[in-house]
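What follows is one structure encoded as structure tokens, with my remarks underneath.
Throughout, read-outs are computed from the coordinates displayed, never taken from laboratory work. Since the model is a prediction, treat every value here as computed from it, not as a measurement. In this analysis, Cβ positions are derived from the backbone assuming ideal geometry, glycine residues included, and neighbour counts consider all displayed protein chains.
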Protein chains: 2
Amino acid sequence: MSDIARIEAAARRLRGHIRRTPLLNAPLLDRIAGRQVFVKAECLQWTGSFKARGGWAAVSALPPELRAQGVLACSSGNHAQGVAWAAAAHGVPAVIVMPSDAPAVKIANTRAYGAEVVLYDRATQDRDAIGQALAGARGLSLIPPYDHDEVIAGQGSIGLELAEQAAEAGIAAAPVLTCCGGGGMTAGIALALEARAPGLRVRPVEPAGFDDTARSLAAGRIVRNERPSGSICDAIVTPQPGALTFPILHRLCGPGLTVSDDQALQAMALAFQHLRIVLEPGGAVALAAAIFAPDLGDRVICTASGGNVDPRLFHQVLGRFA
Amino acid sequence: MSDIARIEAAARRLRGHIRRTPLLNAPLLDRIAGRQVFVKAECLQWTGSFKARGGWAAVSALPPELRAQGVLACSSGNHAQGVAWAAAAHGVPAVIVMPSDAPAVKIANTRAYGAEVVLYDRATQDRDAIGQALAGARGLSLIPPYDHDEVIAGQGSIGLELAEQAAEAGIAAAPVLTCCGGGGMTAGIALALEARAPGLRVRPVEPAGFDDTARSLAAGRIVRNERPSGSICDAIVTPQPGALTFPILHRLCGPGLTVSDDQALQAMALAFQHLRIVLEPGGAVALAAAIFAPDLGDRVICTASGGNVDPRLFHQVLGRFA
């Protein structure tokens, strides 16, 4: 099956279950950015992030008898909620392996969707080993966060919507900035746009110091981050681009961009004030680049990929930047 | 022209200029409310509130030669921004008469849309006299905030969208709770639903102590508020229901509901956490009733009508309730 055929098949399975999120913009935000900024508001997606798409796509693609035994995911939070929600909606059990320092709101929400949460210590324990042992013992199907064809296809449904929404807005050519962790959403959107809106070129955005994708794209091979954690952008910190996602990114994306933590926090405050949406830091890096990065032209599209932020952090952001 | 024909004509003029806002819901919010709660997120509308609809409808309905001379509105903030934005988009001047104690963000945004803002003192000056004098001297067309057929028709476009979105969600019968000030949006939605979804019955929601509409509906005649101001729900405090809007509300709406200031603030915090949208207090009263009011049944629709909140107030809300 071709990449675009797989994305369209996933989009058909998602229909009626996933929200078509709006493409927002605001004249007063454009004035601050010095360019038109269009924001794909995936924070309004079920579970508060785009991960509901990939979760649904992967769970719905499982053979029914395997699916009935349940699914397992390892995630710091948004993929956790996406898979937990999709499993609950399919009526099958979910076990989610989460780091004990994940934002409390993400752990609480994952449990609220009915999943069994298994916590581990990021510094001393290997989550993949924990996950594989549990999956083997209980017959659960592992749903990886990004390096998985159906997950990439599910996130790619964002690209199908963007192609339509950009056409409606009269945009034939523009950079599409994505919040990039392991690259599942970035790869999915890039594949969809390659087929449906080739004038829209994806450029991944990462937090400074955790720019494994930007450095990998520049090097032409997979490069790791030096530190495993420590960014406020918890949702999009991964050790390195995926084995499946990187070749797609390398073929289709422009150079990666990085933003500072403070730029991500400022973007959260500006999204609050001008778009009336709630973003988490990792979900705001693409908007931060859209507002603050030079040389992106007069018009840019970006993903606002998640809004599962701890209220205390948002409280600080408003105190500092709004 | 019939009411529904006027609403449909307004909706045609709005097409391509106004956002079809999403009808949001969240399983975890439903659990807190003890019922399904569907939220029409008008905070995502241009200018951050539904007032952009009525502003556009009224400005676009003016004869071109009158429109070219400019428009004038008296408003504490959201109608101000709606008219200022619509006038700017039509390329005509706007003068907005605003109370000097309006939220700073609303005054700043109204100016940012290019309007001339004239401030007055709510306690000592008569805004209508100021507005009429300015309109007469400069040949400006007055756009009233609610007691105006085209404004009501523009807000009624929300009802057309709600009728379609409720049908898509499989909802044939439910209360539709509205954030109610002078009653323009409430009347417009009620007229649209009467024609397009008669199982959806509107019930206005107001802040306790400023429940002129609820008391007027109960009395069967227009009753005034005792105090002219002093609510945190600045967007929806009006002295009494309108002469045009009240007969529509009286004919079509169920009994009014009231919520406390703290319930409105808690609804803002819950919308932040579970829907990832930003609401102002006056835009959150219907959601507050949807969550906290008894005897509304298993399923309720509400408007989240505005998100132009001062960051300091939102900061306090997160500190207290999130």
If I ask for residues that are surrounded by fewer than 24 Cβ atoms within 10 Å (Cβ to Cβ) and within 14 Å of chain A (Cβ to nearest Cβ), which ones from the range B:275-316 would you list?
B:ASP310, B:PRO311, B:ARG312, B:LEU313, B:HIS315, B:GLN316
Filter pass, A:LEU244 being more than 28 Å from B:PRO311 (Cβ to Cβ) and either among the small types (Gly, Ala, Ser) or in contact with an Asp or Glu (Cβ under 6 Å, 6 or more places away or on another chain) (or both)
yes
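Going through the range B:133-166 one residue at a time, which ones are over 16 Å from the mean Cα position of the chain (by Cα), under 18 Å from B:ALA115 (Cβ atoms) and part of a helix (DSSP H, G or I)?
Filtering the range B:133-166 for residues over 16 Å from the mean Cα position of the chain (by Cα) gives B:133-142, B:163-166.
Keeping just the survivors that are under 18 Å from B:ALA115 (Cβ atoms) gives B:133-135, B:137-142.
Within the range B:133-166, B:ALA133, B:LEU134, B:ALA135, B:ALA137, B:ARG138 qualify.
Considering only helices (runs of 4 or more DSSP H) fully contained in the range B:19-129, which possess at least 3 residues that are within 24 Å of B:VAL176 (Cα to Cα), more than 14 Å from chain A (Cβ to nearest Cβ) and of a type outside the set (Phe, Trp, Tyr)?
Working: elements: B:27-33, B:51-61, B:64-69, B:78-90, B:104-112.
Per the criteria, B:51-61.
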Out of all the residues in the range B:6-18, is one or more in contact with a Gly (Cβ under 6 Å, 6 or more places away or on another chain), within 12 Å of chain A (Cβ to nearest Cβ) and not in a helix (DSSP H, G or I)?
no
Of residues in the range A:227-262 being part of a helix (DSSP H, G or I) and buried (at least 22 other Cβ atoms within 10 Å of the Cβ), the one nearest to the other protein chains (Cβ to nearest Cβ):
A:ALA235
